[in-house]
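Novice: Structure incoming, see below.
The values are calculated or read from the model by the stated rules, or taken from the named source; none is laboratory data. None of the values given here were measured: they were computed from a predicted structure. Methodologically, a virtual Cβ is constructed for each residue, glycine included, from the backbone with ideal geometry; neighbour enumeration extends over all protein chains shown. Calculation scope for accessible area: heavy atoms of the full protein, side chains included, ligands and nucleic acids excluded. Shrake-Rupley method; radii C 1.70, N 1.55, O 1.52, S 1.80 Å.
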Amino acid sequence: MTKYIFVTGGVTSSLGKGIISASLAKLLQERSYKVTIQKLDPYINVDPGTLNPYEHGECYVTEDGAETDLDLGHYERFLNTPTSQDNNVTTGRIYQTVINKEREGAYLGKTVQVIPHITDEIKRRVQLLAEKNNFDIIITEIGGTVGDIESLPYLEAIRQLKRELGTENCLNIHLTLIPYLSAAKELKTKPTQHSVKELLQAGIQPDILVCRTEKSLSKELKQKLSLFCNVDQKSVIEAIDADTIYDVPILMLKEKLDTRVLKKLKLKTTKKPELKAWKEFLGRHKNPTHEVNIGLIGKYNELPDAYKSIYEAFVHSGATNECRVNVYPIHSERLETGEFKKYFKNLDGVLVAPGFGERGIEGKIRAISYVRENNIPFFGICLGMQCAVVEFARNVMKLKKAGSTEVKPKTSDPVISMMEDQKSVTHKGGTMRLGSYKCKLKKSSLSHKAYGRTEINERHRHRYEFNSAYAKKFEKAGMSLTGINPENNLIEIIELEGHPFFLGVQFHPELKSTVEKPHPLFVAFVKAALKHKLNEKA
Ligand code: GLN
């Protein structure tokens, strides 16, 4: 029988429920349990695919092509196992399902209500994951903060589930903040007491409190929390601020979060997790012998969450190379006018980010010209790859009007154009080319050497593509088309002969980089940047 753990958040948002959930899952996985993490998001968008990255950060795409919350990226990076459409459900999707059923007459004339119809659908979505995959444990993170109007149906659903499935099979973990008041030189428990009261009002008694804090919790303070929040003292867990999110599983292991969870769920506590590979990664991450500077050219730089997976992929691939990767965000619009070379002064490599729409495109193209001509390692992802194709067409092939039809629908040389099956699409959300597709690599290409094999699977999220009518012309001019989808012949990877490292990919490698499996293209890019740096110095 599957066991369910629900993680709620109190006092404030941004406490790191995703990281705590992923860390706990990691520890349980190390103890040989088959575990996954699910995120329930209380907003009304059907999925985050239509959300501007400024609103909600990166949209994370799963193998099966779901556009999901960026927390799923953390789950995969920590657990090294793929998630799916079922791992992220929003209020919008819940209502959509219920309303569609109502239109089909499935409720037989009954009045459709939040309780029981919406709450039943929430419970069904939680249990569906277990039914489909045979998990031992499912950790479900409830987005938002306890006390939000929008979270109420979720709290009601998990209250009901615990009653139905029994206390041994369901566990509530409440993540809360213990603020430090510097004037009083004291940690304060009152906000947590209030937050637990709020939960109690919804009929939920937390089993474990995880307390985010900047200072260590004393025994007395834990006793106080235990007393006022009605949680046994051993289940008051300290979650002290960490240098890196990758420290959190180690901290949770020290605090025995996993042991408490297993005891309460009446599961066997096997031998303590060793986290061997994890610790090795941390050792390399924290003690680099080299350092490189990478420019990240994008248009959502004000919000680093918009490029979350790219930043994390640099952490993983940096550790593999025993190299600190300093990522410098550069706003593409700033590169559009005037003197822009100053931005490239101390860079050992440049990554041009994915994106949509016209803003900042010309800046990206200018940057690519510069790195191409100056032999600086270049990595273009999705839109970044498309910009590299346009740049090459304009400046090497002398097709001065070349462009992408996303930006210039009537360009005379549409080297990037809309995919055939996208032309009839009018609906937004879940309608792009999404998810994992096969790609065949040309032998001895840069990508083949990086992956060490000729067939790969990578995730996609785009509407436009390399226009294969131009393929021969590009190859003649010196651009190698080194990755092709074997089913539909779409061109997925471009490289430049004679350049130390010039790589553009139509897919999103950053989504598949994990602690245990850093992405080979990121590893190769960091290596090339390091080589460039050492050559410059020599
Ligand atoms: N806007 C481009 C397209 O739709 C690139 C998308 C992306 O970078 N994810 O094809």
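Novice: Over what distance in Å are the Cα centres of region 164-223 and region 442-457 separated?
Specialist: Computed from Cα coordinates, the inter-centre distance equals 50 Å.
Novice: Pull up all non-local amide H partners of residue 140: gap of 5 or more, or a different chain, and H-to-H distance under 5 Å with H placed in the peptide plane.
Specialist: For residue 140, whose amide H was placed from the backbone, the distant partners under 5 Å are 5, 6, 7, 38.
Novice: One quarter of the convex hull surface, Cα atoms only: what value does that give for region 223-319 in nm²?
Specialist: Computed as one quarter of the Cα hull surface, the answer is 9.5 nm².
Novice: Once you have the Cα-Cα distance between residue 473 and residue 328, take 0.36 nm times their residue separation minus that, and quote the gain in nm to one decimal.
Specialist: 48.7 nm
Novice: Using a 1.4 angstrom probe on heavy atoms only, work out the carbon and sulfur share of the accessible area of region 209-281 in %.
Specialist: Ligands and nucleic acids excluded, carbon and sulfur give 50 percent.
Novice: Right, here's the next one. Starting at the first residue of region 58-74, write each ³J(HN,Hα) from the Karplus equation 6.51 cos²θ - 1.76 cosθ + 1.60 with θ = phi - 60°, in whole Hz, x for Gly and Pro.
Specialist: Coupling constants for region 58-74: 5, 9, 8, 9, 8, 3, 7, x, 8, 8, 10, 5, 5, 4, 5, x, 4 Hz.
Novice: How big, on average over all directions, is the shadow cast by the Cα convex hull of the chain, in nm²?
Specialist: Dividing the Cα hull surface by four gives the mean projection, 27.7 nm².
Novice: Grab the eigenvalues of the alpha-carbon gyration tensor for region 480-538, scale each by 5, take roots, and send me the semi-axes largest first in whole angstrom.
Specialist: Details: eigenvalues 122, 63, 7 Å².
Value: 25, 18, 6 Å, ordered largest first.
Novice: Take peptides 81-90, 128-137 and line them up by average Cβ neighbours within 10 Å, highest first, as a rough protection proxy.
Specialist: So the order, starting with the most tightly packed, is 81-90, 128-137.
Novice: What list of ³J(HN,Hα) values in whole Hz, one per residue of region 524-530 in order, does the Karplus curve 6.51 cos²θ - 1.76 cosθ + 1.60 (θ = phi - 60°) give from phi, with Gly and Pro shown as x?
Specialist: With coefficients 6.51, -1.76 and 1.60, one gets 5, 5, 4, 4, 5, 5, 5 Hz.
Novice: Keeping every protein chain present and rolling a 1.4 Å probe, give me the accessible area per residue for region 1-123 in Å².
Specialist: I get 37 Å² per residue for region 1-123.
Novice: Something else: Taking amide H positions as placed 1.01 Å from N in the peptide plane, with prolines and chain starts having none, which residues 5 or more places from residue 12, or on another chain, fall under 5 Å of its amide H?
Specialist: 177
Novice: Let me ask something additional. Please compute the modelled spin-label separation between residue 106 and residue 134, points set 7 Å along Cα→Cβ, answer in nm with one decimal.
Specialist: 2.7
Novice: Express the relative contact order of region 1-128 as a whole percentage, based on alpha carbon pairs under 8 Å and six or more residues apart in sequence.
Specialist: The value is 24 percent.
Novice: What does DSSP give for the chain in terms of the percent of beta bridges that are antiparallel, rounded to the nearest 5?
Specialist: Close to 30 percent.
Novice: Debye calculation, C-alpha points only, no solvent: report log10 I(q)/I(0) for region 17-60 at q = 0.20, 0.22, 0.23, 0.27 Å⁻¹, in the same order as the q values.
Specialist: Results for region 17-60 at q = 0.20, 0.22, 0.23, 0.27 Å⁻¹ read -0.75, -0.81, -0.84, -0.95.
Novice: Whole Å is fine, so just give me how far the alpha carbon centre of region 267-294 lies from that of region 322-358.
Specialist: Each part reduced to its Cα centre gives a spacing of 30 Å.
Novice: Further question: If you roll a 1.4 Å probe over region 412-538 with all protein chains in place, what percent of the accessible area is carbon or sulfur?
Specialist: Roughly 49 percent of what the probe reaches on region 412-538 is carbon or sulfur.
Novice: Here is a follow-up. Could you give the length gained by full extension between residue 443 and residue 487, i.e. 0.36 nm per residue of separation minus their alpha carbon distance, to one decimal place?
Specialist: Result: 14.0 nm gained on full extension.
Novice: Additional query: Would you mind telling me the share, in percent, of accessible area of region 16-146 contributed by carbon and sulfur at probe 1.4 angstrom?
Specialist: 48
Novice: What ³J(HN,Hα) values, in whole Hz, does the Karplus curve 6.51 cos²θ - 1.76 cosθ + 1.60 give for region 118-133 when θ = phi - 60°, with x put for Gly and Pro?
Specialist: 5, 5, 4, 5, 4, 4, 4, 5, 5, 6, 4, 4, 5, 4, 6, 10
Novice: Between region 145-160 and region 23-66, how many Å separate their Cα centres?
Specialist: 19
Novice: Over region 185-251, give the accessible area per residue in Å² for a 1.4 Å probe, as an integer.
Specialist: 51
Novice: Follow-up. May I ask you to derive the relative contact order of region 9-80, considering only C-alpha pairs under 8 Å and at least 6 residues apart, and to give it as an integer percent?
Specialist: So the answer I get is 34 percent.
Novice: Taking the solvent-accessible surface of protein heavy atoms with a 1.4 Å probe, what is the per residue accessible area of region 297-339 in Å²?
Specialist: About 39 Å² of surface per residue is accessible.
Novice: For region 145-304, what are Rg and Dmax over the alpha carbons, in angstrom?
Specialist: 19.1, 55
Novice: For the chain, what does -39500 (n - 2.57) per DSSP helix run (n ≥ 4), summed and divided by total residues, give at 222 nm, in deg cm²/dmol to the nearest 500?
Specialist: -10500 deg cm²/dmol
Novice: For residue 238, what residues show an amide H to amide H distance below 5 Å, using hydrogens built from the backbone and excluding near sequence neighbours?
Specialist: For residue 238, the qualifying residues are 211.
Novice: Relative contact order for the chain: what percent, with Cα pairs under 8 Å and sequence separation of 6 or more?
Specialist: Answer for the chain is 15 percent.
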